[in-house]
Amino acid sequence: MPLRGPREVPREKEHPVKTKKLLTGIAAASALVLALAGCSGDRTGGGAEGDTEGAIVGVSMPTQTSERWIADGDNVKASLEDLGYKVDLQYANDDISTQLSQLENMISGGAKALVIAAIDGTALTEVLDQAAAQEIPVIAYDRLINGSEHVDYYTTFDNFEVGVQQATSLVTGLGLLDESGAETGATGPFNVELFGGSPDDNNATFFWNGAMSVLEPYMESGVIVVPSGQTQFEQAAILRWDPATAQDRMDDLLTVIGGTKLDGVLSPYDGLSIGIISALTAGGYSASDLPIVTGQDAEEGSVKSIIAGEQYSTIFKDTRLLGAQAVEMVDAVLNGDEPEVNDTETYDNGEKIVPSFLLESTIVTVGNYEKVLIESGYYDKGTF
Ligand code: GAL
């Protein structure tokens, strides 16, 4: 496993501010429990406080077909166990009914909190009603859960900004911006096709809207042209983020646009980029004349592709920090504490605005992957 678990990353180094807050939170909860109990505490080695010691936390992840979710699950599990929790970690094979029954089992199995990365963000209303009936708090992990008032907190990245970064790297790769981010004055026109993420994943429209905020002015001025004419999210979206579906769509697009040579492809996720690059290669592009293709998640295979000069960029989202944030939220909520949030406006799930903690992401190219991915300890040195 190339991604290091949280045990291998000193927490102070990894996330100094939040680690401090976590410790402060634990200390405060500890003091409260001691004051209430009116007795001397005997708290040993970082375990969860009071009756949370040994409490079960259900962690529901969407799929194991992508490395990132495996790392997310492992990180969250290990960090919760470090705090003395028991963890029921389940993967749902990107199948909605599997995720629902896994969540029902967690609830009936006595879970005291749920951490959920939803497959379909709109499909969990009833199961969250069941959780609420048992007073089980719910943390939405990376993907917002829509249509339920029973989502207590949300931790994710600034998803609009991720889209901005994807499109910024695309236009930089095309030569419209220089490395300092300044306009070069290039006029193209550049031929670019657009891909979106899964329409049932709330993140997908955030990524799309962020990307479009960068691309639209170039499209309006004719500097960027979408040869297929497919410029709407609904036309570009790839259900379940499936690489094979992206490959098929890219095949179809190549047929639609005939001999038109592509300069760029906006791809919102590394898995899709792999499918897209396969279709482009099969369609006659060689490694040296592939269009600028973006991505997301800094998955190992895609970073290798970037180093080989195929994929152009990806977006690094440090899942160690995301996992640590989710664990802090669980621990705070179960100890009667307020989790730290930094956004109370953006994530309206149709029933409420879910208090959120947003993390920052980073554009990765061949120019900075060593610094961002290896020096940070996210990948081991020998990985690439
Ligand atoms: C999104 C997530 C991305 C990517 C994608 C496909 O929800 O934010 O980072 O992992 O799912 O798994």
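The values are calculated or read from the model by the stated rules, or taken from the named source; none is laboratory data. On a predicted model such as this, the values are computed, not experimentally measured, just so you know. Note that we place each Cβ from the backbone using ideal geometry, even for glycine, and neighbour counts take in every protein chain shown. These accessible areas exclude ligands, DNA and RNA; they are computed on the full protein's heavy atoms, side chains included. Shrake-Rupley method; radii C 1.70, N 1.55, O 1.52, S 1.80 Å.
Points to keep in mind about this one:
- Boolean, S221 is more than 21 Å from I315 (Cα to Cα), open to solvent by 50 Å² or more (accessible area, probe 1.4 Å) and among the polar types (S, T, N, Q): yes
- The residue that is nearest to K112 (Cα to Cα), among those in region 143-170 that are among the β-branched types (V, I, T) and more than 12 Å from the chain's Cα centre (by Cα), is V151.
- Filtering T383, T314, T319, T346 for residues that are open to solvent by 50 Å² or more (accessible area, probe 1.4 Å) and either within 30 Å of G264 (Cα to Cα) or modelled with pLDDT of 95 or more (or both) leaves a single hit, T346.
- Looking across region 154-164 at every residue that is open to solvent by 10 Å² or more (accessible area, probe 1.4 Å) and touching a helix residue (DSSP H, G or I) at 6+ places or on another chain (Cβ under 8 Å), the one that is farthest from the ligand (Cβ to nearest atom) is identified as V164.
- Hey, G382 more than 15 Å from the ligand (Cβ to nearest atom), out of contact with any Cys (no Cβ under 8 Å at 6 or more places or on another chain) and at positive phi or not: no
- Looking at G309, G336, G350, just one residue is of a type in the set (G, A, S), farther than 23 Å from G163 by Cα and more than 16 Å from the ligand (Cβ to nearest atom), and that residue is G336.
- Failed item in (1) within 12 Å of the ligand (Cβ to nearest atom); (2) β-branched (V, I, T); (3) in contact (Cβ under 8 Å) with a residue 60 or more places away in the chain, with T205 passing the rest: (3)
- For region 64-79, the condition of being closer than 19 Å to D201 by Cβ, away from the ligand (no atom under 16 Å from the Cβ) and open to solvent by 10 Å² or more (accessible area, probe 1.4 Å) holds for none of the residues.
Yes/no matrix, rows are residues, columns are (1) in a helix (DSSP H, G or I); (2) polar (S, T, N, Q); (3) open to solvent by 10 Å² or more (accessible area, probe 1.4 Å):
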| residue | (1), (2), (3) |
| --- | --- |
| I276 | yes, no, no |
| A279 | yes, no, no |
| G284 | no, no, yes |
| G301 | yes, no, yes |
| E338 | no, no, yes |
| V341 | no, no, yes |
| E351 | no, no, yes |
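- Region 253-270: number of residues that are open to solvent by 10 Å² or more (accessible area, probe 1.4 Å) and touching a residue at least 60 places away in the same chain (Cβ under 8 Å): 5
- All of E220, E183, E179 fail the test of being among the charged types (D, E, K, R), touching a Ser or Thr at 6+ places or on another chain (Cβ under 9 Å) and in the same structural domain as K261 (by TED's automatic domain parsing), apart from E179.
- Residue count for region 107-140 satisfying the condition of being loosely packed, with under 15 Cβ neighbours inside 10 Å and either within 16 Å of the ligand (Cβ to nearest atom) or of a type in the set (D, E) (or both): 3.
- Of all the listed residues (R240, R143), the sole one being out of contact with any His (no Cβ under 7 Å at 6 or more places or on another chain), within 15 Å of the ligand (Cβ to nearest atom), open to solvent by 30 Å² or more (accessible area, probe 1.4 Å) and within 30 Å of K352 (Cβ to Cβ) is R240.
- Tally, over region 183-202, of residues that are at negative phi, without any contact (Cβ under 8 Å) to a residue 60 or more places away in the chain and open to solvent by 10 Å² or more (accessible area, probe 1.4 Å): 6
- No other residue among D120, D88, D94 is farther than 26 Å from F206 by Cα and among the acidic types (D, E) apart from D88.
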